[in-house]
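The values are calculated or read from the model by the stated rules, or taken from the named source; none is laboratory data. Remember, predicted model here, so these are calculated numbers, not experimental data. Here Cβ is always computed from backbone atoms with ideal geometry, including for glycine, and neighbour counts include all displayed protein chains.
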Amino acid sequence: MRARLADIAAYAGVSEATVSRVLNGKPGVAAATRESVLTALDVLGYDRPSRLRHKSAGLVGLVMPELTNPIFPAFAQVIESALARHDFTPVLCTQTPGGIHEDDYVQMLLDRSVSGIIYISGKHADTSSDPKRYTRLRDRGLPIVLVNGYVPGIDAPFISNDDVVSMEMSTSHLVHLGHTEIGLAIGPERYVPVIRKVQGFRASMSSLLGRHHIDELIAHAPFTVEGGAAAATRLAERGATAIICGSDLMALGAIRAIRSMGMRVPDDISVIGYDDSVLMGFTDPPMTTIRQSVLAMGDASVEALLDEIRGDPSPRTEYVFRPELVVRGSTGACRSR
């Protein structure tokens, strides 16, 4: 204990007697000094006495598809940090093919009396799913926030990336580089973000190039490396000189497929990703991609949920965040193939 008190006192710049008073909850210590001692405890790896630990304001469920796509851990980190600042404890629930269903996770969260739930790209993003699962939660008064997927009629705030603008940015960038045969490698058609990306792509190809019949330039596949490779192969065979992908994972798969066909990126085919996942600036070549406003969207989703919990609900609308095009080395001027 003497060594421990000495270490803490040295780090906090106070006397051992002061450390002892803080640890034992004694009065007569300034608030700033008390906070310095508690910080020293945390930094040096000592557990705070139970009486000095922050009390959780409650549990909040965080439901998302999976963690293999780097964009989802990025959202989870931002949201968990924001919740912790308000003394809420997040409960992370991730889904995998053949694993626990979203509804089963929600029942588990209800059994633990969570204060609310934030959904990232959940079933609300799937147009084939039943939205009543969310209306039932709202009917029982549970606050929820739905991110990246919109369903009319649900009594909850929605947070979304502007998928239409994302396609406008991507297509405009490629057109300015001289590309006219631009393909879109995108996920399954039933998802709201996919529907919006396709709409944005069609509108941009029409306004920028006068191209109205472009079905052959749209390839649907899973949001995976393998899905991106399959979609890119089809688009390359149809003469695409540039490919916009629905995720960074798909873009990595697209680059792999292009190289397997004996071509180079961006000399023969340019590739644009989506999300600006961690390490996309270190791929070969560095990935041009659309950056979602993960920090702003994550903070907004937490603030919206806290407003709901406090009984001061946010307006029932969709808050749409503008993305950013990050230009790197995977896009270049069009060359005749």
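Within segment 183-225, the only residue that satisfies the criterion of being within 21 Å of residue 254 (Cα to Cα), assigned to a loop (DSSP other than H, G, I, E, B) and free of Cβ contacts under 8 Å to residues at least 24 places away in the same chain is 214.
Report, by residue number, each residue of segment 185-217 that is over 22 Å from residue 320 (Cα atoms) and either surrounded by 20 or more Cβ atoms within 10 Å (Cβ to Cβ) or among the charged types (D, E, K, R) (or both). 185, 205, 211, 215, 216, 217, listed by residue number.
Return yes when residue 142 is closer than 20 Å to residue 79 by Cβ, hydrophobic (A, V, I, L, M, F, W, C) and not in a loop (DSSP other than H, G, I, E, B) and no when it is not. When the stated conditions are applied, residue 142 does not pass them. Of the residues making up segment 18-36, those that are part of a helix (DSSP H, G or I), surrounded by 12 or more Cβ atoms within 10 Å (Cβ to Cβ) and not basic (Lys, Arg) are 18, 19, 20, 22, 23, 33, 35, 36.
Out of the residues in segment 307-327 that are among the aliphatic types (A, V, I, L, M) and at pLDDT 95 or above, which is farthest from residue 81 (Cα to Cα)? Top of the filtered list is 327. Do we have residue 179 as in the same structural domain as residue 254 (by TED's automatic domain parsing), part of a loop (DSSP other than H, G, I, E, B) and within 22 Å of residue 325 (Cα to Cα) here? Spelling it out, residue 179 is indeed in the same structural domain as residue 254 (by TED's automatic domain parsing), part of a loop (DSSP other than H, G, I, E, B) and within 22 Å of residue 325 (Cα to Cα). Do you know which residues across segment 299-325 are out of contact with any helix residue (DSSP H, G or I) (no Cβ under 9 Å at 6 or more places or on another chain) and of a type in the set (S, T, N, Q)? Matches in segment 299-325: 317 only. Scanning segment 96-121 for residues that are surrounded by 14 or more Cβ atoms within 10 Å (Cβ to Cβ), in a loop (DSSP other than H, G, I, E, B) and either free of Cβ contacts under 8 Å to residues at least 24 places away in the same chain or in contact with a helix residue (DSSP H, G or I) (Cβ under 6 Å, 6 or more places away or on another chain) (or both) gives a single hit, 115.
Within segment 312-337, being surrounded by fewer than 17 Cβ atoms within 10 Å (Cβ to Cβ), more than 24 Å from residue 148 (Cα to Cα) and not basic (Lys, Arg) holds for 329, 333, 336.
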